[in-house]
Amino acid sequence: MINNHRLFPNPLSVRTKDSTDGPIEYVLKISNTETSKHPDLIEVQSHIIVFLKAAGFPTASVCRTKGDNTTSLVSVDSGSEIKSYLVRLLTYLPGRPIAEVPVSPQLLYGIGRLAAKLDKTLEKFHHPKLNILHRENFIWNLKNVPLLEKYLYALGENQSQKIVEQVIQLFKEEVMTKLSLFRECINHGDLNDYNILIESSKSACGDAEYQVSGILDFDDMSYGYYVFEVAIAIMYMMIESKNPIQVGGHVLAGFESIIPLTAAEKGALFLLVCSRFCQSLVIAAYSCQLYPENKDYLMSTAKTGWKHLQQMLDMGQKAVEEIWFETAKSYESGISM
């Protein structure tokens with residue numbers, strides 16, 4: 001069964017009494033019972049948030065308990081059994097999710113840079129329990145795309161299932177056989193259109209410009225590869241674009257301004273973006289069967305995801321790569337497409 005923290009998207013917001021600077025807002029995160037069985041993982045994630053905050057990234061601050069811990073274990077008697085939940089208190093981050101604004105080439109480029117800077121900065125992160133991020137069977141890690149096979153029934157026997165089967169087979173043949181050629185790193189793993197917050201400011205010409213004001217949700221962190229991070233960012237930025245195929249080049253240009261990809265990594269990018277679409281679409285369909293009350297949230301990607309995935313496959317890898325790579329190359333000369 002999938003341990004899907006995404007099923008319940010709204011953490012509890014807490015506002016304290018007014019201080020001299022006004023009210024202080026926090027977010028109380030309550031992990032589900034399954035996630036709460038892995039306190040070491042949550043501890044490492046919390047320390048990463050603190051580390052990135054100190055490095056200048058717009059992450060929340062982690063509030064420590066009276067015992068100077070980053071989490072607290074709370075037991076609740078449900079009547080039939082006692083359940084334990086790990087609870088964390090984080091400061092509230094202002095801003096709007098990218099999903100609520102039109103994405104521009106400049107914003108997409110900035111998201112690519114952000115993704116690369118995150119991975120690059122995490123090279124310097126150390127923790128005695130860091131190996132716990134080697135989450136071998138974690139369903140959201142891109143290297144585990146073949147694990148989707150056990151959930152394909154949720155799609156029904158239709159064209160959608162055939163599309164995903166095709167992508168999985170290509171992944172086995174063309175990505176899994178080349179993983180040793182990719183450079184490993186710690187991935188945020190979920191830089192989606194709701195986990196990146198932005199704030200607007202006026203440009204010199206009076207137009208609205210957006211800057212990243214917050215990075216949310218570090219629950220999908222795991223060891224992966226640089227190319228995974230950029231592929232995930234491209235896929236989620238495609239969801240919010242009127243010209244989805246054009247998105248990849250702008251995000252890629254931003255990423256490569258920090259971490260240029262190798263030839264092998266570039267060659268896998270198309271299939272990795274397709275594979276992330278498949279992960280999101282299959283797991284959403286499966287989760288909807290378990291939690292139909294959360295259907296609207298769970299199926300947010302599916303509203304355009306199937307269409308974008310089909311468009312990529314219809315165009316083919318060579319045609320899509322040509323658009324992405326030419327767009328990214330245009331930034332080198334200072335003339336973005």
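The values are calculated or read from the model by the stated rules, or taken from the named source; none is laboratory data. Quick caveat: nothing in here was measured; it's all calculated off a predicted structure. Cβ sites come from the backbone with ideal geometry, for glycine too, and all protein chains shown count toward neighbours. The protein model used for the area step is the full one, side chains on, heavy atoms only, and it has no ligands, DNA or RNA in it. Shrake-Rupley method; radii C 1.70, N 1.55, O 1.52, S 1.80 Å.
Among Asn69, Val212, Val175, flag the residue with its Cα farthest along the positive direction of the charge dipole of the chain, charges on Cβ as +1 for Lys/Arg and -1 for Asp/Glu. Most positive-ward Cα: Asn69. Remark on segment 221-337: Rg and Dmax equal 15.1, 50 Å (Cα only). By the helix-only formula, in which each DSSP H run with n ≥ 4 contributes -39500 (n - 2.57) and the sum is divided by residues, the chain has a 222 nm mean residue ellipticity of -13000 deg cm²/dmol. Straight Cα distances below 16 angstrom link Lys150 to the aspartates and glutamates Glu165, with same-chain residues fewer than 8 positions distant left out. Of the whole protein surface, Thr121 contributes about 30 Å² of accessible area at a 1.4 Å probe radius. Residue separation of Met299 and Glu100 scaled by 0.36 nm, minus their Cα-Cα distance, works out to 70.0 nm of gained length. Shown is the FRET efficiency for Leu73 and Lys124, computed with R0 = 22 Å from the Cβ-Cβ distance and rounded to the nearest 0.05: 0.15.
Karplus-based coupling profile of segment 249-255, in residue order and whole Hz: x, 6, 5, 4, 4, x, 4, with θ = phi - 60° in 6.51 cos²θ - 1.76 cosθ + 1.60 and x standing for Gly or Pro. With both labels modelled 7 Å from their Cα along Cα-to-Cβ, the Ser200 to Gln310 distance reads 3.3 nm.
With 0.36 nm allotted per residue and the present C-alpha distance subtracted, the Cys63-Glu174 stretch has 35.5 nm of extension available. Accessible area per residue (1.4 Å probe, heavy atoms of protein chains only) ranks Glu321, Glu265 as Glu321, Glu265, with the largest value leading.
The heavy atoms of Glu100 offer some 100 square angstrom of accessible surface to a 1.4 angstrom probe.
Once all protein chains are placed together, Cys63 keeps about 40 Å² accessible to a 1.4 angstrom probe. Extension gain for Glu184-Lys318 works out to 45.7 nm (0.36 nm per residue, less the C-alpha to C-alpha distance).
Using only the Cα atoms, what convex hull volume per residue in Å³ does segment 173-260 have?
Numbers: hull volume 11.4 nm³, N = 88.
That works out to 129 Å³ per residue.
If r is the Cβ-Cβ distance from Asn131 to Lys242 and R0 is 45 Å, what FRET efficiency results, to the nearest 0.05? In this case the efficiency is close to 0.60. Each label was represented as a point 7 Å from its Cα along the Cα-to-Cβ direction; for Asp40 and Lys329 these points are 4.8 nm apart.
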